[in-house]
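Step one of this worksheet: look at the structure below.
The values are calculated or read from the model by the stated rules, or taken from the named source; none is laboratory data. Here the structure is a predicted model, which means the values were calculated and not measured. Using ideal geometry, Cβ is built from the backbone for each residue, glycine included, and neighbour counts are taken over all protein chains shown.
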Amino acid sequence: MSWDLILAIIFYALIVLFYFKNKKKFEVQSGIFFLYKTKWGLKLMDKLATKYPRTLKVLENISIVVSFIGMAFIFIFLFIATVKLILQPGSTPALAPVLPGIQISPDLPVLGFWHWIIAIFVVAVIHEFAHGVYARFHKIPVKSSGFAFLGPILAAFVEPDEKILPKKSKKAQLTVFSAGPFSNILLAIVLIILSLLIINPVATSFLEYQGVNVLSVEEDGPFAQAGILPGQTITSFNNVEIATINDFIEQINLIEPNQEITVSTLNESYPVIISTKEDNKPFLGVTVSPNEVGVRPGTYSTIFGNLFVWLAKLFSWIYIISLGVGLFNLLPLGPIDGGRMFFVLALSLTKDEKKAKKWWTYISFFCLLLIFINLLPYLITLLKYIISLF
C-alpha cells in the first residue's frame with residue numbers, strides 16, 4: 001500500500017470525524033455538497049478592500065478585460081479541440097479529470113494525493129478570497145466564508161449577498177465574477193516565473209537523469225518508421241551515452257540529413273535514417289522529455305533533494321491546476337463565473353432579460369455538450385473498468 005493511499009485514508013477519516021463532531025454547523029446541499037460556514041478571512045477582505053482602493057480600481061479593469069479574453073480563448077480552444085476529436089477519433093481531449101492517480105498528459109507525472117489536495121485547496125482559497133475582496137470593494141456584504149466538500153473534493157467558498165449583488169452596476173458585477181478566475185490566472189503566471197527562475201533549476205540540481213523519454217513520434221517520421229514508440233527511453237545515439245536533454249540536443253546538432261544513425265533504448269537498438277524538411281535541416285519527428293531517475297545519493301542531499309523536488313512538483317501542479325481552474329471557470333456556462341459574466345454582457349447588449357436568459361441558456365447547453373464530448377473517452381474507460389470488475 002502506497003503512502004499516498006495511507007495518508008488519503010487518514011485525511012478523510014479525520015474529515016469524517018470533524019463532520020460528525022460539528023454536524024450542526026454543516027449545510028448539506030443535494031446530499032453531496034457539504035458546506036462548513038465560518039467568518040474566516042472576512043475582516044481581512046474588508047481591510048484589503050478599504051486600504052488599497054486605487055490598486056483594486058486598476059486591477060478590476062484588467063480583471064474584466066483579461067477574463068473576457070480568457071472566455072473567448074477557452075471557448076474557441078474547446079470548440080476546435082472537440083471538432084478535431086470528432087473528425088479524428090483518438091485525438092487528445094481538451095479536458096481531463098484532475099484527480100490523483102490519473103495520467104492527465106504523457107509529459108506530466110501522475111498526480112499524487114497530497115499534491116492534489118494542497119493544490120486544489122490553495123487554488124480554491126485564492127479564487128474565493130478574490131471574489132470576497134471585490135465584493136467588499138463594491139460595498140456588497142459577504143455573509144460567510146468557509147470550506148466545502150463536493151463528494152471527496154475539497155473546496156472553499158465565500159457567500160456574497162445575492163440580493164444586493166444584482167442591484168449593483170454591470171461593471172461591479174463583472175468585477176466580482178471575474179475576480180476569482182483572474183486571481184487564478186495571475187497566480188499561475190507568478191508561479192511559472194518563480195519555477196523557471198528559481199525552483200526548477202534548484203530542484204534539477206538534486207536530480208539524476210538517465211536518457212530521455214519519447215513523448216510522441218510523428219506519423220511517417222524517421223523515428224516512427226524505425227519502430228520507436230512513445231514511452232520508450234533513449235539512452236544512446238551511435239554509442240554515445242544520452243543522460244540528459246542537453247546530451248540529446250548535442251547529438252542532434254552533429255547529424256546530417258539522410259544519415260543513418262543507431263538509436264538505443266533501454267531494451268533495443270534501432271537504425272534510424274534521418275530525413276529532411278523544406279529547410280533541408282535534419283528531421284527526426286520526435287518529442288522527448290527528461291527521464292528522471294531520482295535524487296542524487298548522499299544523506300543531506302537526499303533529504304533536502306527529495307523535499308525540494310516534492311515542493312517543485314507541488315508548485316508545478318498548483319500552476320497547472322490554477323490556470324486550468326481559472327480558464328474553465330471563464331467558460332460561458334450556467335452559474336459558474338464565466339456564465340454569470342456572459343449573462344451580464346448579454347443583458348447589457350439586449351436590454352431584455354428574457355432574451356439575455358435565452359442566449360445564456362443556449363450557450364450553456366452548447367458548452368455542456370463540448371465538455372461531455374471531451375470527457376467521453378474518460379467515461380468510457382471508467383465504464384470498461386467497472387464492467388471488468390464483474
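In summary, helices (runs of 4 or more DSSP H) completely within the range 181-277 and bearing 3 or more residues that are within 31 Å of the chain's Cα centre (by Cα) and modelled with pLDDT under 85 occur at 200-205.
Looking only at the range 61-75, decide whether some residue is at positive phi and in contact (Cβ under 8 Å) with a residue 24 or more places away in the chain. Scanning the range 61-75, I find no residue that is at positive phi and in contact (Cβ under 8 Å) with a residue 24 or more places away in the chain, so the answer is no.
Within the range 76-95, track down each residue that is of a type in the set (A, V, I, L, M, F, W, C) and either surrounded by fewer than 17 Cβ atoms within 10 Å (Cβ to Cβ) or without any contact (Cβ under 8 Å) to a residue 40 or more places away in the chain (or both). Break it down stepwise before answering.
Our first condition is that a residue be of a type in the set (A, V, I, L, M, F, W, C); within the range 76-95, this holds for 76-81, 83, 85-87, 94-95.
Across the range 76-95, the qualifying residues are ILE76, PHE77, PHE79, ILE80, VAL83, ILE86, LEU87.
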